[in-house]
Each structure stands twice: as C-alpha cells, then as structure tokens.
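Chemist: Quick one: the structure is below, and I'll ask about it shortly.
What follows is calculated from the coordinates using simple rules that are stated; it is not laboratory data. Note that the structure is predicted; figures quoted are calculated from it, not measured. When we count neighbours, we look across all protein chains shown, and the Cβ atoms used for this are built from the backbone with ideal geometry, even at glycine.
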Amino acid sequence: MLLDKINEDLKDAMRGKDALTLSVIRMLKGDIQLKKISKGNIDDDDIIAIISKQIKMRKDAIEQFSKANRQDLVTQNEQEIDILTKYLPEQLDESEVIKIIDEAFAKINPTSNKDMGIIMREVSSKVKGRFDMQKVSAIIKSKLN
C-alpha cells in the first residue's frame, strides 16, 4: 500500500537527516491523517488525490514566487514537487491523454458544451492522478468548441 511506502520513506528521511524530504512527508502524512479522521478508512486513490492536491498547491506557489522574484522559494517548491511525484502512479504523456479523450468522445458522442461533465467523468476515471486535470479540462473544452 502507498501509505506503507510513505511511512518507510519517512523513517529513511529521519535516518538520513534529510530535512526537506522529512518536512514534505510530514506535511503529506498530516493531510492523510485529516482525511482519515473525516472519512474513516482511506485507500491509495484517496492518498493519490491528496498528493495531487499538494503538488497543485506547490505549482501555484511557484507561479506566485516567480512573479515576486523569489528564486530560492521556487527552487524549494520544485524540489518538494519532485519528492511528492515519486508517490504518484506513472504519469501519462499528452498524446496518451488525447487518445483517451478521443475514445470518450467516440463513446459519448457529445453534441454541446453541456456534455462536458459526462466526458470529464469518463476521462477522469482513467487519467486522475496520472495527468494534470486542468489540462484535461482545457483539451476537452477545445474539442467541444
């Protein structure tokens, strides 16, 4: 299970005195604990969603720090993203995602923008945690128009 790997990496970071990795994993575990409290039992999909959310937050922070000319914080957030990314399933490239979207379009045969939600549901089950969902949404919107 993914949580076991995270716990093992936490121990390794403590042993290796890797402060950055230790900090990132502790924040991740904190979010996982909050999810456990609110939901009860959680599975790998829940953990992947938490990791994806943390990566998205860091990408947003990178954007803000870049505007403020804080390269030190940009670098730190990029390193944190690298640490978190290793817990995600193998990422898809854009051509694979477009193929999945095309298959969903063939299956659903959308007629207007109102079908966006149906297509997103179909695609997200295959792509979630493996590709940026904002980009997926943008691709689907462009295909619908």
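Chemist: Going out from 0 in 10 Å bins, what whole percent of all Cα-Cα distances in the chain drops into each bin?
Modeler: Per 10 Å bin, starting at zero, the Cα-Cα P(r) for the chain comes out as 10, 32, 31, 21, 6, 1 percent.
Chemist: Moving to a separate point now. May I ask you to list the lysines whose Cα is less than 27 Å away from that of Lys107, ignoring any residue fewer than eight positions away on the same chain?
Modeler: Straight-distance partners of Lys107: Lys99, Lys126, Lys128, Lys135, Lys141, Lys143.
Chemist: Let me ask something additional. Can you tell me the FRET efficiency between Leu88 and Gln64 if r is taken as the Cβ-Cβ distance and R0 is 30 Å, rounded to the nearest 0.05?
Modeler: So, using R0 = 30 Å, E works out to roughly 0.85.
Chemist: Below 8 Å, C-alpha to C-alpha, sequence gap of six or more: please give me the relative contact order for the chain in percent.
Modeler: Once normalised by length, the contact order is 20 percent.
Chemist: Binning at 10 Å from 0, report for segment 2-85 what percent of all alpha-carbon pair distances ends up in each bin.
Modeler: 17, 45, 29, 8, 0
Chemist: Computed over the Cα atoms, what is the radius of gyration of segment 94-144 divided by 2.2 N^0.38 Å, N being its residue count?
Modeler: The value comes to 0.98.
Chemist: Hey, another quick one. Separation between the Lys36 and Leu144 pseudo-spin-labels, each 7 Å from Cα along Cα→Cβ, expressed in nm?
Modeler: Spacing of the two 7 Å Cα→Cβ label points: 3.9 nm.
Chemist: List the trypsin sites (Lys or Arg not before Pro) within segment 10-88 that DSSP assigns to loop and that have no more than 16 neighbouring Cβ atoms inside 10 Å.
Modeler: When the trypsin sites (Lys or Arg not before Pro) of segment 10-88 are filtered for loop state and at most 16 Cβ neighbours within 10 Å, Lys17, Arg70, Lys86 remain.
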